[in-house]
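Enquirer: Following this message is one structure expressed as structure tokens.
The values are calculated or read from the model by the stated rules, or taken from the named source; none is laboratory data. The structure displayed is predicted, hence computed values, not measured ones. Don't worry about glycine lacking a Cβ; one is built from the backbone with ideal geometry, like all the others, and counts go over all protein chains shown. For accessibility, only protein heavy atoms count, side chains too; no ligands or nucleic acids. Shrake-Rupley method; radii C 1.70, N 1.55, O 1.52, S 1.80 Å.
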Amino acid sequence: MINRELIRIKVVQLTYAYYQNGNKNIDTAEKELFFSLSKAYDLYNYLLLLIVAITREERHRVDIAIQRAQREETELPSQKFVYNKFAFQLEENKTLHDFVVAQKLSWDDDIEFIRKVCNQIESSEFYTNYMSSESDDYETDRELWRKLYKQLIQNNTDLDALLEEKSLYWNDDREVIDTFVLKTIKRFSPDKESGQELLPEYKDEEDKDFARRLFRATILNADCYQQYMSEASRNWDFSRLAYMDVVIMQIAIAEMLTFPNIPVSVTINEYVDLAKLYSTPKSGGYINGMLDSIARYFVNNGLMMKTLKERDNENSEDSKDKKNTTKLI
């Protein structure tokens, strides 16, 4: 689940924090990097658990309505939503259950937020159409939750504030993690029952190694990389760079020189996007030009065995990963 897009975000954050911290211990900083990544995986499971918490609250409401209907001898309420086949399967999922128990994750202290989301769901057009539909198949149930998640959870500002109070590590994780929750919903299959696999913390050891090597190369070769920036930026006013811009370019250089299989285009595009997110409004364009100049400097001086034609290459694992993530939404 922790992909290279998220790893790059965390490396930018932790590298910046490393230089702001007076006690510069790379081993401690690396542990913080991996702890931060593990917290992102906690968030993934926590947001899946939110679907379970909402379903349980709705079930509680229906139970009360059933008791009232029985007393008053009126029509019993529908239980279609509270026993939605996808949500029920997620509630029974062994992997999610074991993880939330081990990490002690729960929505029990946020019942008012859960109730508010339940009210929004009951007022939504998706819910109304679902409850009035005669469809009773698994795909319909799963699709309902995909739509509800996108409409009422993905861009929920109340949820943003609540999560920020729970963990500072989650401030910048939501956008990426939401795509993985949606991916998980989409890949659920009824035949897997409670044994349905969730996304693993890391796809493989290669991605975990990518995080470690990128972070260490950035820190250990900082002086060398900044010298490259200075030499390659004679047509640019290097002194006017924001400090975050320097950090971002330093990491981009580490990636260019440390990972020969990642095309130059992928590296530049990824860090230009991060500059737009974390630095000044003009940083994206400036860093794009700077990194292009630096890449040409590396090639012309034999420091990098990549061709700049690779800027048009979108077949790397990094490009595929980002494309596939975007398609999920």
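Enquirer: Quickly work out the residue 276-to-residue 261 label distance, labels modelled 7 Å from Cα along the C-beta direction, and quote it in nm with one decimal.
Expert: That separation, rounded to one decimal, is 2.8 nm.
Enquirer: Right, here's the next one. Spin-label point model (7 Å from Cα, Cβ direction): what's the residue 227 to residue 112 distance in nm?
Expert: Here the modelled spin labels are 5.9 nm apart.
Enquirer: Hey, quick one: spin label on residue 189, modelled 7 Å out along Cα-Cβ, who in region 71-101 has an amide N within reach, i.e. under 20 Å?
Expert: Only 85-96 pass the distance filter.
Enquirer: Same structure again: Return, for the Cα atoms of the chain, the radius of gyration and Dmax in Å, separated by a comma.
Expert: When restricted to Cα atoms, the chain yields Rg and Dmax of 23.8, 86 Å.
Enquirer: Which residues make up the longest stretch of the chain that has no GluC sites (Glu not before Pro) in a DSSP loop with at most 14 other Cβ atoms within 10 Å?
Expert: Within the chain, the longest run free of exposed GluC sites (Glu not before Pro) spans 198-329.
Enquirer: What value, in deg cm²/dmol to 500, does the helix sum -39500 (n - 2.57) over DSSP H runs of n ≥ 4 give at 222 nm once divided by the residues of the chain?
Expert: For the chain, the value works out to -22500 deg cm²/dmol.
Enquirer: Protein chains only, probe 1.4 Å: how do 28, 55 rank by accessible area, largest first?
Expert: 28, 55
Enquirer: Also: So if each residue of separation counts as 0.36 nm, and I subtract the Cα-Cα distance between residue 172 and residue 101, what length gain in nm does that give?
Expert: 23.1 nm
Enquirer: May I pose another question? In nm, what is the difference between 0.36 nm times the number of residues separating residue 307 and residue 128 and their Cα-Cα distance?
Expert: Computed gain between residue 307 and residue 128 is 58.9 nm.
Enquirer: Name the residue from 97, 54, 308 whose Cα lies farthest towards the positive end of the charge dipole of the chain, charges +1 on Cβ of Lys and Arg and -1 on Cβ of Asp and Glu.
Expert: 308
Enquirer: Continuing with the same structure: When ligands, DNA and RNA are left out and all protein chains stay put, how many square angstrom of accessible area per residue does the chain have with a 1.4 Å probe?
Expert: On a per-residue basis, the chain sits at 51 Å².
Enquirer: In addition: Which of the aspartates and glutamates could a cross-linker span from residue 208 if the Cα-Cα distance has to be under 19 Å and same-chain partners fewer than 8 positions apart are dropped?
Expert: Partners within reach: 5, 27, 30, 32, 42, 173, 255, 270, 317, 318, 321.
Enquirer: Student exercise: in region 1-117, how many lysine pairs 8 or more apart or on different chains have Cα atoms under 23 Å apart?
Expert: 12
Enquirer: Rounded to the nearest 20 debye, what is the charge dipole size of the chain about its Cα centre when +1 sits on each Lys and Arg Cβ and -1 on each Asp and Glu Cβ?
Expert: That gives a dipole near 1000 debye.
Enquirer: Another question, then. Taking +1 at the Cβ of each Lys and Arg and -1 at the Cβ of each Asp and Glu, which of 202, 227, 162 sits farthest along the dipole of region 116-237 towards its positive end, judged by Cα position relative to the Cα centre?
Expert: 227
Enquirer: Based on Cβ point charges of +1 for Lys and Arg and -1 for Asp and Glu, what charge dipole magnitude is obtained for region 50-144 about its Cα centre, in debye rounded to the nearest 20?
Expert: That gives a dipole near 280 debye.
Enquirer: If you find the alpha carbon centre of region 85-108 and of region 134-165, how far apart are they in angstrom?
Expert: Answer, in whole Å: 16.
Enquirer: Roughly how many percent of the accessible protein surface of the chain is carbon and sulfur, given a 1.4 Å probe and a whole-percent answer?
Expert: 45 percent
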